[in-house]
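K.L.:
The structure's right below; bear with me while I get my questions together.
The values are calculated or read from the model by the stated rules, or taken from the named source; none is laboratory data. What you see is a predicted model; the values in this text were computed from it and never measured. Glycine gets a Cβ as well: all are built from the backbone with ideal geometry, and neighbour counts include every protein chain shown. For accessibility, only protein heavy atoms count, side chains too; no ligands or nucleic acids. Shrake-Rupley method; radii C 1.70, N 1.55, O 1.52, S 1.80 Å.
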Amino acid sequence: MEKVQDVKGLGGMLNGFRDMVKEYESVTFIGSPGFCTPFALFLGYPVRDKRLAFLPGLSVDKTRRVIATEYGMELGEMCSPDADVLVILGGMAMPKIGVSIEDMRQLLGKIPHRSVMGVCFMGIFEKAGWCDSIEFDYVMNTIIEGDISKR
């Protein structure tokens with residue numbers, strides 16, 4: 001894949017994501033329940049004017065709307081996963097989650113969409129071989145570094 005933009009910090013991540021999906025009206029995030037859910041809500045904030053959904057794991061029948069409320073972004077009622085763009089979150093490629101490339105390809109084949117994008121941390125899609133096997137239109141990879149201090 002060819003690098004098209006640098007992303008720095010959380011603001012850069014949000015702006016970069018908004019740029020990736022700007023031409024689409026609807027977005028479905030596909031992620032591991034619990035671990036990926038807050039990232040879908042986080043990424044949904046700058047595009048809250050679009051029709052958003054979250055599909056937990058491979059469970060198409062458990063897809064829920066992502067809605068903007070006075071508390072921020074939240075999961076809403078059940079809905080269809082069909083969307084202009086499907087955004088696979090990196091937790092799906094983590095070894096402990098147990099989703100194979102073939103399982104993901106089968107899922108993508110079941111959901112009408114125009115584009116597939118990935119958002120991950122620490123190069124998990126590349127490390128797991130997904131970049132060579134899933135036809136991503138874009139992948140956002142973010143490296144998070146930090147430290148913990150004590151008095």
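K.L.:
Of all residues in segment 117-131, which are surrounded by fewer than 18 Cβ atoms within 10 Å (Cβ to Cβ) and either among the basic types (Lys, Arg) or closer than 21 Å to Asp84 by Cβ (or both)?
P.N.:
Answer for segment 117-131, where residues must be surrounded by fewer than 18 Cβ atoms within 10 Å (Cβ to Cβ) and either among the basic types (Lys, Arg) or closer than 21 Å to Asp84 by Cβ (or both): just Lys127.
K.L.:
Can you name every residue in segment 1-35 that is under 22 Å from Arg114 (Cβ atoms) and open to solvent by less than 10 Å² (accessible area, probe 1.4 Å)?
P.N.:
Of everything in segment 1-35, those that are under 22 Å from Arg114 (Cβ atoms) and open to solvent by less than 10 Å² (accessible area, probe 1.4 Å) turn out to be Gly16, Phe17, Val21, Ser26, Val27, Thr28, Phe29, Ile30, Gly31.
K.L.:
I'd like the residue in segment 72-99 that is among the hydrophobic types (A, V, I, L, M, F, W, C) and under 21 Å from Lys22 (Cβ atoms) and, out of all such residues, is most open to solvent (accessible area, probe 1.4 Å).
P.N.:
Checked segment 72-99; the qualifying residue most open to solvent (accessible area, probe 1.4 Å) is Met73.
K.L.:
Residues of segment 118-138 being in contact with a helix residue (DSSP H, G or I) (Cβ under 6 Å, 6 or more places away or on another chain) and in a strand (DSSP E or B), which ones?
P.N.:
Gly118, Cys120, Phe121, Tyr138 - these are the residues of segment 118-138 that are in contact with a helix residue (DSSP H, G or I) (Cβ under 6 Å, 6 or more places away or on another chain) and in a strand (DSSP E or B).
K.L.:
Which residues, taken from segment 36-57, are assigned to a helix (DSSP H, G or I) and open to solvent by 20 Å² or more (accessible area, probe 1.4 Å)?
P.N.:
Matches in segment 36-57: Thr37, Pro38, Phe39, Leu41, Phe42, Tyr45, Pro46.
K.L.:
Still on this structure, I have one more. Just checking, does segment 84-99 include any residue being assigned to a helix (DSSP H, G or I) and within 19 Å of Val7 (Cα to Cα)?
P.N.:
Yes, there is a match, as at least one residue in segment 84-99 is assigned to a helix (DSSP H, G or I) and within 19 Å of Val7 (Cα to Cα).
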